[in-house]
Amino acid sequence: MSDEGTKWVKEKDGIYWPTEKMKEKAFVSDPEIYKEAKENPKKFWEQKAKELIDWFVEDWDEIQKWDPPFFKWFEGGKTNLSYNCVDRHIEDKKNKPAIVWEPEPVDEEQRILTYGDLHEEVQKFANVLKELGVEKGDAVTFWMPMIPETAIAALACQRIGAWHSIVYTAFSPEAVRKRMDDAGSDILITADGFYRRGKVVELKDNINEALDKVGADKCLVVNRADADPEMVDGRDHFLEDVKDGVEASCEPEELDAEDIGFLLYTSGTTGKPKGVKHSVGGYLVQAALTMKWVFDFHEDDMFFSTADIGWITGHTYTLYGPLIHGGTTLWYEGSPDHPNLERWWEIIEENEVNQFYTAPTALRMLIKHGKDLPDKYDLSTLRVLGSVGEPIDPETWQWYFEKVGGGRCPIVDTYWQTETGGILLTSLPGMGPFVPGVAGVPLPPVNYDILDKDGEPVDKGAVVIKKPFSPGMLRGVYKNPDKYKEEYWSRYGDRIYFSGDEGIKTEYEVGGQRLLKIVGRMDDLLEVAGHRLGTAEIEDAVQMVDEVAEVAVVGKPHDVKGEVPALFTILVDGAEPSEELKKKIVKSVRQEVGPVATPGEIFFVEECPETESGKVIRRFLRSLLEDEELGDMRTAKNPDCLRDLAEKVGYEGPQDIPDYNC
Ligand code: WT7
């Protein structure tokens, strides 16, 4: 064990253990907790629910009900997220900053919202929503940037029991329309625009057509960038106008723990995105516990998560987690490279940030273009660093650890998903061990396993989550219970949750469990810059181009983004490959899905390898792009096409591709 001053020391090749100092400060430092929690999981969660959350009633009917694959937690218990994030801190933290907002333009002042401000603003916003006809159980869609009003609006929805359904601003208006349609949502909250890389990105003016198409009743617009958008009489309202004169008081709705807290759309393996349903109570408990234990979050801490509100990380840790504990969350509006690549380090120094949470893709970009820049800043207030969204490679890990953390801070490599609501698996700051590239073990008392395709435990295979589960898991797919069963609870029966990821049980151990390394998705989902995208949605968008007959999308490795969408496109007879056509395809993807899905590579091909039944064998396409062994090519009915493909993609892998003459 190491305790050389405040520096962490490697124990043996590549493993780091917490210093004595970290162990003393951390909320949990004894690995016995893993065993204890498993002995009585219900009691564990009951105790956490009571300790971390305020409830309006004494008790619930039952801690957990399980009717596989459906769960209920704390049903009968009444609570409210907005109450837990705001009201309960009012008495002793009225003047304490809840949200510190850093606008992108450097000459613009920071905005600080104290708990007192938040209390007032959230109630007003809740009354604005009511005035616009929003009621408990209504879905309210957001296409909102990282500005304080987004936090206020989300908390206002929670206050009255409306469900926010937040769509990332780098998704297209068409993507917003589809999600509004699926959720039956007839109100959108957006902004006129926001700043990104020094320019105003317009939102309202871009969304008008989609609003018409979906037949939206109301659109509430926050003025952020003086973009002077077009407004439709009767439908569109500026927040400032409606807020004027509304009452400043609105009591939080006493919601059942099992009421829906929010919807969040995420890509599935097939078809259109699905609306993941999260509950009020279970989600709150999981958000609260993981925030506290994983980040060792103390109430005086300043937390900086770079995750946009459009993703689950933005929900749970940029917004709710720090506020549940009466802490301070730092919101940054813009891009990490504006005005230069020092922006994040400068923000950390100036605001004395204690925990920093980001994605490996951003770190790789910062390493590539400015690996020594953190040296210029005093980052000594940092105590815990977090990574999320994709595996962090050991080189990036080392750089993060040394350059950003000064060799003092544990890196919590947090593995979880939109569906799990909160972090599921990581090494904990006071316990470790920390192994670059290895995520860790599940939070107590959750169990994981690695299974082969027959359901037998193995060292490398499918990552599954097993009983006892955590209360924050999704409650279903909105209006689609079959999809819920099919995606998560069918591969290994209805009692084992299939994550879709591949993992490896490593030799390292803590609390009687082996640390898990996450390899990546086993299915057709892409993780582009840490953002989950469905190949099906991108394929549909490409297919809309007249010249395209067929297309297969797979991930191509990328040194910064992890992977980018690569398109294998077959054209209709008579159509010719051209740069123009490539542009047309890119345009269609950006229009239908959004800039986030912009293709990284477009190959025009004659044929794709297919099974006898005509299904494209993506495994071959991926191996070609990754310069890997292809294996037995005769599993394709048309193996000869692989030669042409290998040439097109510039395959330099180890395997010769023979002529099959068939
Ligand atoms: C997928 C979930 C969890 C919030 C961000 C993404 C991948 C997530 C890690 C990690 C390796 C990771 C998985 C997972 N992933 N965290 N620490 N190491 N992979 O949420 O969009 O729902 O995507 O992200 O593949 O299944 P999401």
Which residues, taken from the stretch 508-522, are over 16 Å from V458 (Cα atoms), within 12 Å of the ligand (Cβ to nearest atom) and either touching a Pro at 6+ places or on another chain (Cβ under 9 Å) or small (G, A, S) (or both)?
G520
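Listed here are the residues, each with its yes/no results for (1) crowded, with 20+ Cβ neighbours inside 10 Å; (2) of a type in the set (D, E); (3) not in a loop (DSSP other than H, G, I, E, B).
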site: A462; (1), (2), (3): yes, no, yes
site: K483; (1), (2), (3): no, no, yes
site: I504; (1), (2), (3): no, no, yes
site: E507; (1), (2), (3): no, yes, yes
site: L533; (1), (2), (3): yes, no, yes
For a quick check of your reading: which strands (runs of 3 or more DSSP E) sit entirely within the stretch 187-290 and have at least 1 residues that are acidic (D, E)?
199-202, 236-238
Can you tell me which residues in the stretch 363-401 are without any contact (Cβ under 8 Å) to a residue 60 or more places away in the chain, within 13 Å of the ligand (Cβ to nearest atom), crowded, with 22+ Cβ neighbours inside 10 Å and of a type outside the set (F, W, Y)?
L363, L385, S387, I392
Suppose we filter the stretch 402-427 for residues that are among the aliphatic types (A, V, I, L, M) and either more than 16 Å from the ligand (Cβ to nearest atom) or not in a loop (DSSP other than H, G, I, E, B) (or both); how many remain?
4
Tell me which residues, restricted to the stretch 100-124, are buried (at least 20 other Cβ atoms within 10 Å of the Cβ), without any contact (Cβ under 8 Å) to a residue 60 or more places away in the chain and not in a helix (DSSP H, G or I).
L113
In the stretch 43-70, anything touching a Lys or Arg at 6+ places or on another chain (Cβ under 7 Å), assigned to a strand (DSSP E or B) and under 13 Å from R475 (Cβ atoms) is listed as Q64, K65
All but one of (1) within 11 Å of the ligand (Cβ to nearest atom); (2) in contact with a Leu (Cβ under 6 Å, 6 or more places away or on another chain); (3) of a type in the set (F, W, Y) hold for Y478, so report the exception by its number.
(1)
How many residues, within the stretch 523-549, are within 16 Å of the ligand (Cβ to nearest atom) and at negative phi?
14
Would a scan of the stretch 578-594 turn up a residue that is within 15 Å of the ligand (Cβ to nearest atom) and crowded, with 20+ Cβ neighbours inside 10 Å?
yes
Pick out the one residue from L363, L330, L289 that is under 22 Å from P97 (Cα atoms) and touching a strand residue (DSSP E or B) at 6+ places or on another chain (Cβ under 9 Å).
L330
Hey, among G281, G268, G310, G275, which residue is surrounded by 23 or more Cβ atoms within 10 Å (Cβ to Cβ), modelled with pLDDT under 95 and of a type outside the set (D, E)?
G268
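The values are calculated or read from the model by the stated rules, or taken from the named source; none is laboratory data. If you're wondering where the values come from, they're calculated on a predicted model, not measured in any experiment. Every residue, glycine as well, gets a Cβ built from its backbone with ideal geometry; the counts of neighbours run over all protein chains shown.
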